[in-house]
Each structure stands twice: as structure tokens, then as C-alpha cells.
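Structure first, then comments.
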Amino acid sequence: MKRFLAAVILSVISLSVLPATLAGQTSEKIVLRLMGDSTMADKDLSRQNPERGWGQRLPSHLDTCVAVVNYAQNGRSTKSFIDRGLWDKVKSDLKAGEYLFIQFGHNDSKKDDPERYAPAFGLYTDNLEMFVSHALAVGAKPIIFSPVSRRWFDDEGNLKRDCHGDYPEAAKRVAEKYGVPFIDANTITQEWLVSLGDEPSRKYYMWVEEGTNPRHPDGLEDNTHTNAAGARKLVELLLPQIVETIPELADHVREYDIVVAKDGSGDFFTVQEAIDAAPYYSKEVTTIHIRPGVYTEKVTVPANRQKIWLSGDDAMTTVISWDDFALRPDFHGNPMGTSATSTMFIYGDDFLAENITFENAAGEGKQIAQACAVTVDADRVAFLGCRFIANQDTIYTYGKGQHQYFGDCWIEGTTDFIFGASTAWFEGCTIYSKKDSYITAASTPEGEPFGYVFHNCRLEAADGVSEVYLGRPWRPYAKTVFIGCDMGSHIRPEGWHNWNKKYAEKTAFYAEYGSAGEGARQADRVKWSRQIKKKDLKRYTPENVLDPGTEIDKNGAAVQTRWFFADIIF
């Protein structure tokens, strides 16, 4: 299975907020500076504007080693780009070794507009030559693009191929004269449009039905400008030739099925929209990349959305947050209860999330009570490099017979902040207690061989916290094991609490092996807890604890139940 880069920080920077430091971009990054018109430009996203330029979308296909700086603006020709001072901005920023993408033509052809008109084999050519000459003079690497095609079909469904007149040829000749790369975006996009035809291609352009969008309440039929899907498609069409022209980009291209971005550079603005767009009961992975931002939403992965891979750039900058709590009144005025509070609900099997923070921002207090960050009611679910932020009941591992994996995660809370019936393996996690209370509250069903296993984890606490138990049994057969964990001084000497259920001391399985740190006082542990023998450690591997292998279905056939993401996790 292809492993996508987890820590991908992508950014599209509009000219209006261009940081001064980027003008002196270090040579550690590949810098792409874009100049052009509306088909390339970043768009104003107010009032739910669905329009996107392909340059706005480009960063979502590249990793953090590539910086995309987009100077393109709506309505600009080579002439008006110069007259309005945008070329001066490019000149002041452009450095040796950087790439300069140049794509004009849509507006240069407007003969009735003296502010923008630049004849193809006249001023348009002169301006392109000036752009190229300056770039070469400073040691930059210019690349000329012909304009992307307009979506002009005649009454018989044939694409009008002469939509740009002489401008594509004029652009090509300038590239040939100076020996610089030329990408014929006009031909590339025309071939695509012809392959689709008139009606199927409309969904990629600004064809908006009346009453469906507040930005265009009366509807719109625009055959020049693309929506989010169209901008993605243009990048997918152009990127192979861009990479062929710039081979060093090859290792930095990232492929995601769906991209979520608050700045409009993705397919959707919200995580829920992306999940809803994933196919039902897919046999293949659907990768959803979430670009940096705080996504204030309550998210559900339904049972019919399986094999979802949710990938953030960095858990510190990619956050999903909501603030429901158990005592909040529901629609009927009754307390909503713990089970309804989670920011993220996962019901679809074979789910993987990495580099994301899941936060319940409700806070703590008598009027709050429980407030979960995540409820996992699915099998074969994994979290890598994620953060879970809440107070009481942070992570709810809900289901009997379900298996979950937490690798290199940060988990913080107050009381019973890891709780539930699932079997779960915690590898290299930091478990952070925010008050004197209990870390785990397992409700492992009777007969399950494993409950919670913490392996090589760090148990830490906030200042002033000094009385924390490793766990207490929510249900009588609770199972929780700590192996090779570093325990801070906040862990109570006795380690475990019976939740005032004397009978649970006989049925619960609470054990440790190789604990270290001030909180690892084995001799002082409650007598009904255990120390695992070295010879029994071979049972405690992620594969053995989490991977059930095969099961027999109702027809007597063997069903493979291995983890779909096993090659990544184990």
C-alpha cells in the first residue's frame, strides 16, 4: 500500500497577505511564483463563492518542500498586470533558482478594453519577452503557459478550438525564442473538454443553478472560470507536464482523493463534507487530506464509509473541535448524555487518522460533566500522531469485539479519560492527567482476552496533580495492562482502584511489566493487581492483541479480518 506523507504542510498565499519573509525565501524550498489571470488566481471565498483558480488549488498537490506564491488576479492581461504594479511586486520578490509561471491571454484579447488589450503578435509578445528576460537576468527559471481553454461548445456539441486566436501560438514563439519551457495548457485542456463533451464538462465550471448559491442567487453560466472540482482537474491535467519540466518536483507531488481546506484550496471547506463524499462500502482507501486550520464542526464517519484515511498536516495546526457536553439540553430540553457529546464519531471500519487534534472544547465544571473528544464504535481503527483534548471521558472506545490502535498520540483529560469496551493498544503515547482522578475506566466484556494495553507510554501530569490512579473497572471484567511505561510521581502507589466494587477485584485484570519512574512502585500496588511474567510477554504484541486473523461467518466460511492498514501500523 502506498504510504502518503503524513506531515504535509501546504499553503497558498494571496498577494494581499504575502509575508515579507517569503520575498527572501530560502533555497531549502522549491519556490513557484505564479503570475496570470482569473483562471489561475486565488478567489475571494466570502458568501460561499464556489469559484477557484487552478493556481489556488496547486498547493494541495505538493508537499511542504514546495512554496507556491500566487500573484495572479482576476481580469489581468499582460498590460494591466504591469500597469497595476503587480509586475513590480513580482520583480522585487523573484530570486535566482526560483520558478516563474507565466500564463496570460484571456484578457489580452479584449479589443474593446484599452486598459487590457495587447495584440498577440504585438504588445502581448513584447510583455512576455520582458517577463522572461528579467527572470533569466536574475537567475530565475521562467515557464510560459498558453491560456487554458474556454469551454465553448457550438449547437452541435463541438468545442470551438479557436477561443484564444493567435495567443497560444504567440506564447509558444516567445518560449522558443528564449529557449525556455512552454506548457500548452490550451491544447491539454481542449483535449480534456472534447473527451467529456458539452453537458458533462459543465460540472467543472461555474454553472450555478438559480437559488443554490448566495453568491449567485439568480444562477450563472460561465464557461471560463472553474469551480473547486474544475480547479482540481486543471491541476491534475497540467501537473504531469509541470513535473516533466521541473523534475525536482517529482518527489514532492502528493495524491489525495479529497482535500479539505478552510482557505478554499481544497475540494471542500469542512471535514464532514469530505467524508460524505467518500464512496459507500469502498474496497479501496479513500484518502482525505485536511489542510491546517481549526475546523469547528461535529463529525461523523458513518458505518457505510469504510477504509477512510484522514490525514492532517500537523496535529498542532490541524484541529477538529466542538463543545457538546453531557448536561447540555438536547432538542427536547433533556440532558444530551455522554454518548452524544463527542466531537468525532467513528462508525466505519478500517479507519485511519494521522496528525490531527480531536478536541472537545466544552471545558470542565458541574454544569458540564462528561464531554468526549472521540467515540470509536468501529473495528480496526487507528490513530497516528494525533492529539485528543478534553476533560472527563476524552476517548470512548465503545464496542465489544472492536480493536483500536493509538500510536505516538497525546491524550489528555481528567477523569476516566480513556474508557470503554474495545480492545486497544497504545504505543508510545503521552497520557496527560489534568487533575487528581483516574486515567482508564475499561469495560472489557467477559471472555475478551485483552482490554487496554499501554506499551512504552509516558504518564505525565499538570502542575499540582499528585493523586492519579491508573484505572478503575467500569465493568467487572475490565482489563488494563501497562508495559514498559514511564510513570510520573502523580501516580498513586497503590496504582489501581476497585470503584468500590469489591467483586471486581476477582474479575478485573490489572497488570504491569517493567514500569519505570517515580510512579512505578510495584511493591505498593494493590494486592489484587498483577505483575506480568517475562515469559508471558510474547502474548503482548500489537499483532496478537489487535489482529484476530480469521473468523467463521454464518455459512461456515472463513472470513479474513486482518487490519486493512496493518502494513502501516504493525
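Values in this text are rule-based calculations from the coordinates and carry no lab data. These figures come from a predicted structure and were not determined experimentally. Counting neighbours? That spans all protein chains shown, and the Cβs are built from the backbone with ideal geometry, glycine included.
Values as computed for the structure displayed
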item	result
Distance in nm between pseudo-label sites at residue 255 and residue 83 (7 Å out along the Cβ direction from Cα)	4.5 nm
For residue 205, residues with placed amide H under 5 Å, excluding near neighbours	227
The stretch 356-432: trypsin sites (Lys or Arg not before Pro) falling in loop per DSSP and having at most 15 other Cβ within 10 Å	366, 400
Overall form of the stretch 269-320 per C-alpha gyration tensor (a/c, 1.5; a/b vs b/c)	prolate
Taking only Cα atoms of the stretch 418-570, radius of gyration then Dmax in Å	16.3, 58
Mean Cβ count within 10 Å, highest first, over the residues of peptides 213-221, 433-441	433-441, 213-221
Lys/Arg +1, Asp/Glu -1 at C-beta; the chain dipole; positive extreme among 179, 53, 526	526
Phi to ³J(HN,Hα) by Karplus 6.51 cos²θ - 1.76 cosθ + 1.60 over the stretch 475-487, Hz, x for Gly, Pro	10, x, 9, 4, 10, 8, 9, 10, 10, x, 9, 9, 10
Amide H partners (placed H, <5 Å) of residue 108, local residues excluded	78
Calculated FRET efficiency for the pair residue 218/residue 494, C-beta based, R₀ 60 Å, to 0.05	0.25
Those residues of the stretch 184-211 whose amide nitrogen sits under 13 Å from the label point placed on residue 158, 7 Å along Cα→Cβ	none
Potential lengthening between residue 126 and residue 547 on full extension [0.36 nm per residue; Cα-Cα distance subtracted]	144.9 nm
Amide N proximity, the stretch 71-109 versus residue 134 label position 7 Å along Cα-to-Cβ, cut-off under 11 Å	81-94
Low-density loop cleavage sites - chymotrypsin sites (Phe, Trp or Tyr not before Pro) in the stretch 264-324, where at most 11 other Cβ are within 10 Å (DSSP)	280, 281
Positive-pole candidate from 368, 68, 423, dipole of the chain, charges at beta carbon	423
Set of the stretch 494-511 residues, backbone N closer than 15 Å to the point 7 Å along the Cα-Cβ line of residue 436	494-495
Estimated FRET transfer efficiency when R0 is 25 angstrom, pair residue 166-residue 243 (beta carbons, to 0.05)	0.30
Descending principal axes extents, the stretch 282-380, alpha-carbon based, whole Å	43, 28, 20
Computed Rg/Rh of the stretch 355-410, alpha carbon atoms with Kirkwood Rh	1.01
Whole-angstrom gap from the stretch 444-523 to the stretch 353-404, using each part's C-alpha centre	19 Å
23 Å Cα cut-off, lysine pairs counted over the stretch 77-140 (separation 8 or more, or different chains)	5
Long-range amide H partners of residue 384 with built H, under 5 Å	353, 354, 355, 407
Bins of 5 Å, starting at 0 and running to the largest distance - Cα pair percent for the stretch 453-501	5, 19, 26, 25, 17, 8, 1
Simple Cβ-charge dipole of the chain, Lys/Arg +1 and Asp/Glu -1, about Cα centre, in debye nearest 20	1680 debye
Inverse of mean 1/r across different Cα pairs in the chain, Kirkwood, Å	26.6 Å
